[in-house]
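Trainee: The structure follows.
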Amino acid sequence: MDLSSIINELGEDRSLYFNTVAPPIAQASNFAFDKVADMEKVFADEMSGYVYSRGRNPTIDILRKKLAALDGAEDCLVLNSGAAAIFAGVLPFVSSGDHIVSVKEPYSWARKLFDLILPRFGITTTYVDGGTVDSWKNATQDNTKFYYLESPNSWNYAIQPIGEVATFAKSRGIVTMIDNSYCTPLYQPVIGMGIDLAMQTATKYIGGHSDTLGGVLTGSHALIKKIFDTEFLAIGSGLQPFNAWLLLRGLRTLPLRLQRVEASTQTVLAFLQQHPRVKNLLFPFDPTFPQHELARKQMKAALGLITIELDVPDRESVVRFCEALKHILMAVSWGGHESLVIPKCAGIPAADFDVSNPEHRWVRLYVGLEEPDYLINDLKQAFDAI
Ligand SMILES: Cc1ncc(COP(=O)(O)O)c(C=O)c1O
């Protein structure tokens, strides 16, 4: 389906709501029935209609249709955060005694699910480098039921050969899920590459304005219905109608914003590449990036996030750099209009800081929608302040 048609038309029937161009927010917890038979039908299958907004809601349904189509998937669920989407996406497919293979260092709350929550129910996880299909094959056991990928990772941009891993998993009846937040389906159509469940934190590029959280799961109707009927309704962490409206508004400009972020990232990257205070840079399309060939093969673009290894003698210099920035905010997250930095050392106790460890000198930059020169000037003066 045409991208413009998905973004501007799909799922919207304006004749139902006075021809308003923007859809209304169906801010309702529950829905009334005229006939017992209709109620009976929805009670038998809550996915078949509107009964209670923990299940389905008309504003959220518009978003679901668009997000499913963007991924080329049959169906979609939208949750209140990306973390909730990870939880609801993994749990229905594993039981006590099962085994998961995950790429090492997935997003922190995926890792906590695998390390802290699932072991309590007898579900174990093996972490793999993930850069070759063999690393997945070698870790697979008879009881392996689930593969968890995140490609690229949002700090070190580690990449997995998505199609090959998905093909092998299918041959073993293993369900695959990927965190595709970095690329979005516009730049990496993972469902078409054979992945069963695509996850995105909608908090990032889909929302795009740093004013709502959200999490997306797309896949076949059968898998999405399995999730809906169990964990989705039980956790009760579906999106709220107003947040769905914000995400719909974000979607209207998603392609445009991604283009802008991609172009500005190139300009900022070129500045960083020649700066003497930059010892090393991590960026998937950079020729020095170890997996850049695989990155170029399966991603249509690399954008937004750049990890900078500062050439500095101590922690204080990293702190001075980050605190000297006047426009680029120091904050978690990414994908919004505003450029951001996070120093890795903020998550490391000061006493454990080891200047010989390059990661301790990492600062992750997210390039937002500002003029690239405005950002470069800000970075310049922060480098000078070191
Ligand atoms: C790569 C990645 N995946 C998942 C998440 C979780 O999303 P949320 O914050 O919407 O729960 C994040 C959040 O930062 C993330 O960066």
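Trainee: For the structure I just gave you, tell me whether Phe121 is away from the ligand (no atom under 16 Å from the Cβ), surrounded by fewer than 17 Cβ atoms within 10 Å (Cβ to Cβ), at pLDDT 95 or above and closer than 23 Å to Ala84 by Cα.
Mentor: When the stated conditions are applied, Phe121 passes them.
Trainee: Something else: Being within 21 Å of the chain's Cα centre (by Cα) and surrounded by fewer than 18 Cβ atoms within 10 Å (Cβ to Cβ) is the filter here, so list the residues in the stretch 271-286 that pass it.
Mentor: Phe285
Trainee: Check whether at least one residue in the stretch 326-335 is at pLDDT 95 or above, away from the ligand (no atom under 16 Å from the Cβ), among the aromatic types (Phe, Trp, Tyr) and within 23 Å of Ala270 (Cβ to Cβ), and report yes or no.
Mentor: no
Trainee: How many residues, within the stretch 246-270, are assigned by TED's automatic domain parsing to the domain that holds Ala28 and over 19 Å from the mean Cα position of the chain (by Cα)?
Mentor: Residues that pass the stated criteria total 0.
Trainee: If Ala69 passes every condition in (1) more than 12 Å from the ligand (Cβ to nearest atom); (2) in a strand (DSSP E or B); (3) closer than 30 Å to Leu246 by Cβ but one, which one does it miss?
Mentor: (2)
Trainee: Right, next: Could you tell me whether the stretch 174-182 includes any residue that is surrounded by fewer than 17 Cβ atoms within 10 Å (Cβ to Cβ) and more than 16 Å from the ligand (Cβ to nearest atom)?
Mentor: Scanning the stretch 174-182, I find no residue that is surrounded by fewer than 17 Cβ atoms within 10 Å (Cβ to Cβ) and more than 16 Å from the ligand (Cβ to nearest atom), so the answer is no.
Trainee: I've got another one for you. Condition (residue is within 16 Å of the ligand (Cβ to nearest atom) and within 29 Å of Gly163 (Cα to Cα)) applied to the stretch 220-234: is it met by at least one residue?
Mentor: Yes - at least one qualifying residue is present in the stretch 220-234.
Trainee: Also: Could you please let me know if Val268 is touching a Pro at 6+ places or on another chain (Cβ under 8 Å) and within 25 Å of Tyr374 (Cβ to Cβ)?
Mentor: Yes.
Per-residue answers, yes or no, for (1) in a helix (DSSP H, G or I); (2) at pLDDT 95 or above; (3) buried (at least 19 other Cβ atoms within 10 Å of the Cβ); (4) outside the structural domain of Thr203 (by TED's automatic domain parsing):
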{"position": "Ala88", "(1), (2), (3), (4)": "yes, yes, yes, no"}
{"position": "Ser95", "(1), (2), (3), (4)": "no, yes, no, no"}
{"position": "Lys112", "(1), (2), (3), (4)": "yes, yes, no, no"}
{"position": "Tyr127", "(1), (2), (3), (4)": "no, yes, no, no"}
{"position": "Gly130", "(1), (2), (3), (4)": "no, yes, yes, no"}
{"position": "Trp136", "(1), (2), (3), (4)": "yes, yes, yes, no"}
{"position": "Tyr147", "(1), (2), (3), (4)": "no, yes, yes, no"}
{"position": "Asn153", "(1), (2), (3), (4)": "no, yes, yes, no"}
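Trainee: Further, regarding this structure: State yes or no: is Pro189 away from the ligand (no atom under 16 Å from the Cβ), in a helix (DSSP H, G or I) and assigned by TED's automatic domain parsing to the domain that holds Ala88?
Mentor: No, not satisfied.
Trainee: Hey, another quick one. Which one of these is within 16 Å of the ligand (Cβ to nearest atom) and closer than 30 Å to Gly122 by Cβ: Val94, Val90?
Mentor: Unique residue meeting the criteria: Val90.
Trainee: If you go through the stretch 72-86 one residue at a time, how many are among the acidic types (Asp, Glu) and assigned to a strand (DSSP E or B)?
Mentor: 1
Trainee: Going by the conditions given, is Thr59 among the polar types (S, T, N, Q) and either in a helix (DSSP H, G or I) or buried (at least 18 other Cβ atoms within 10 Å of the Cβ) (or both)?
Mentor: Yes; evaluated as a whole, the condition is true for this residue.
The values are calculated or read from the model by the stated rules, or taken from the named source; none is laboratory data. These figures come from a predicted structure and were not determined experimentally. Here Cβ is always computed from backbone atoms with ideal geometry, including for glycine, and neighbour counts include all displayed protein chains.
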